[in-house]
Amino acid sequence: MAQVGTMVRSALMVSNLERSTAFYRDILGIAGTYAEGTLTHPAGTKLLGMPAGATVRYRIMKQEGGPNRGMVGLFEVTNPAPPTFTKRKDSVNIGEVCLVFYCDDVEGVHKKLIAGGHTVLCPPTHLQVTATKGQPEMVFMDPDGVLVNLIQRDPNDPN
């Protein structure tokens, strides 16, 4: 049986590469770039189920100086653009993905989100995930409606 390794990255289809880059850089602090450019080989568009000739600009973001895993890949497809699916904006949807990150300052990110007019589904809330451990966490949406969950990093947890 094949075994899957550690997740390398998420791949998000975005409507505006620069806007999404700014969001993940300025709000979440993911400022490093692993790779960026335009997919020109037909296999690149085929992987996304798009016709040959579609334009795919991409930027794969990562923590500066961090490992090449846990990255966020942003892909802007045009010419033609893929359709947007309809989803609820006030809760989760079946088949939807939520990116989950540890964070050193959940309250600080919440303030940035509010100041920027971003959609916050749940402001910082203290959840008791086990009998002895719990951290503040929150859920919000990126500019294209992708759910993001931030969990306050436990200062006593070395991971």
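The values are calculated or read from the model by the stated rules, or taken from the named source; none is laboratory data. Worth saying up front: this structure is predicted, and the values here are computed from it rather than measured. A quick note on method: Cβ atoms are made from the backbone with ideal geometry, for glycine too, and the neighbour counts reach across all protein chains shown.
If a residue has to be assigned to a loop (DSSP other than H, G, I, E, B), in contact (Cβ under 8 Å) with a residue 24 or more places away in the chain and not hydroxyl-bearing (Ser, Thr, Tyr) to count, how many in the stretch 1-28 make the cut?
Residues of the stretch 1-28 that are assigned to a loop (DSSP other than H, G, I, E, B), as a first pass: 1-8, 14-16, 27-28.
When the remaining residues are screened for being in contact (Cβ under 8 Å) with a residue 24 or more places away in the chain, the result is 6-8, 14-16, 27-28.
From what's left, not hydroxyl-bearing (Ser, Thr, Tyr): 7-8, 14, 16, 27-28.
Counting residues in the stretch 1-28 that are assigned to a loop (DSSP other than H, G, I, E, B), in contact (Cβ under 8 Å) with a residue 24 or more places away in the chain and not hydroxyl-bearing (Ser, Thr, Tyr) gives 6.
For the stretch 38-59, which residues satisfy the criterion of being of a type in the set (Gly, Ala, Ser), surrounded by 10 or more Cβ atoms within 10 Å (Cβ to Cβ) and touching a helix residue (DSSP H, G or I) at 6+ places or on another chain (Cβ under 9 Å)?
Those that are of a type in the set (Gly, Ala, Ser), surrounded by 10 or more Cβ atoms within 10 Å (Cβ to Cβ) and touching a helix residue (DSSP H, G or I) at 6+ places or on another chain (Cβ under 9 Å): 52, 54.
Within the stretch 50-71, which residues are assigned to a loop (DSSP other than H, G, I, E, B) and within 24 Å of residue 27 (Cα to Cα)? Walk me through how you get there before you give the answer.
Of all residues in the stretch 50-71, those assigned to a loop (DSSP other than H, G, I, E, B) come to 50-54, 63-70.
Of everything in the stretch 50-71, those that are assigned to a loop (DSSP other than H, G, I, E, B) and within 24 Å of residue 27 (Cα to Cα) turn out to be 63, 64, 65, 66, 67, 68, 69, 70.
Can you pull out every residue in the stretch 60-104 that is among the polar types (S, T, N, Q) and surrounded by 12 or more Cβ atoms within 10 Å (Cβ to Cβ)? Give the derivation first.
Kept after step one, since they are among the polar types (S, T, N, Q), are these residues of the stretch 60-104: 63, 68, 78-79, 84, 86, 91, 93.
63, 68, 78, 93, listed by residue number.
Would you be able to say whether some residue in the stretch 79-88 is among the basic types (Lys, Arg) and closer than 26 Å to residue 110 by Cα? Talk me through it step by step, then tell me what you get.
Applying the first criterion (among the basic types (Lys, Arg)) to the stretch 79-88 yields 87-88.
This time we only want the ones that are closer than 26 Å to residue 110 by Cα, so: 87-88.
There is at least one residue in the stretch 79-88 that is among the basic types (Lys, Arg) and closer than 26 Å to residue 110 by Cα.
Got a sec? Which of 109, 92, 77 is part of a strand (DSSP E or B) and in contact (Cβ under 8 Å) with a residue 12 or more places away in the chain? Outline the logic, then answer.
Numbers: 109 fails: part of a strand (DSSP E or B); 92 fails: part of a strand (DSSP E or B).
Going through 109, 92, 77 in turn, just one is part of a strand (DSSP E or B) and in contact (Cβ under 8 Å) with a residue 12 or more places away in the chain: 77.
Is it true that residue 35 is modelled with pLDDT of 95 or more, more than 11 Å from the chain's Cα centre (by Cα), surrounded by fewer than 14 Cβ atoms within 10 Å (Cβ to Cβ) and closer than 23 Å to residue 98 by Cβ? Explain how you work it out, then say what you get.
Values: modelled with pLDDT of 95 or more: yes; more than 11 Å from the chain's Cα centre (by Cα): yes; surrounded by fewer than 14 Cβ atoms within 10 Å (Cβ to Cβ): yes; closer than 23 Å to residue 98 by Cβ: no.
Here the answer is no, as residue 35 does not meet what is asked.
All but one of (1) assigned to a loop (DSSP other than H, G, I, E, B); (2) in contact with a strand residue (DSSP E or B) (Cβ under 9 Å, 6 or more places away or on another chain); (3) free of Cβ contacts under 8 Å to residues at least 40 places away in the same chain; (4) assigned by TED's automatic domain parsing to the domain that holds residue 13 hold for residue 44; state the number of the condition that does not hold.
Every condition holds for residue 44 apart from (1).
Out of all the residues in the stretch 19-31, is one or more over 14 Å from the mean Cα position of the chain (by Cα), within 30 Å of residue 107 (Cβ to Cβ) and surrounded by fewer than 16 Cβ atoms within 10 Å (Cβ to Cβ)? Even if it seems obvious, please write down each step before you answer.
Of the stretch 19-31, the ones over 14 Å from the mean Cα position of the chain (by Cα) are none.
No, the stretch 19-31 contains no residue that is over 14 Å from the mean Cα position of the chain (by Cα), within 30 Å of residue 107 (Cβ to Cβ) and surrounded by fewer than 16 Cβ atoms within 10 Å (Cβ to Cβ).
Output the residue which, of all residues in the stretch 125-159 that are buried (at least 17 other Cβ atoms within 10 Å of the Cβ) and more than 15 Å from residue 28 (Cα to Cα), is modelled with the highest pLDDT.
It comes out as 136.
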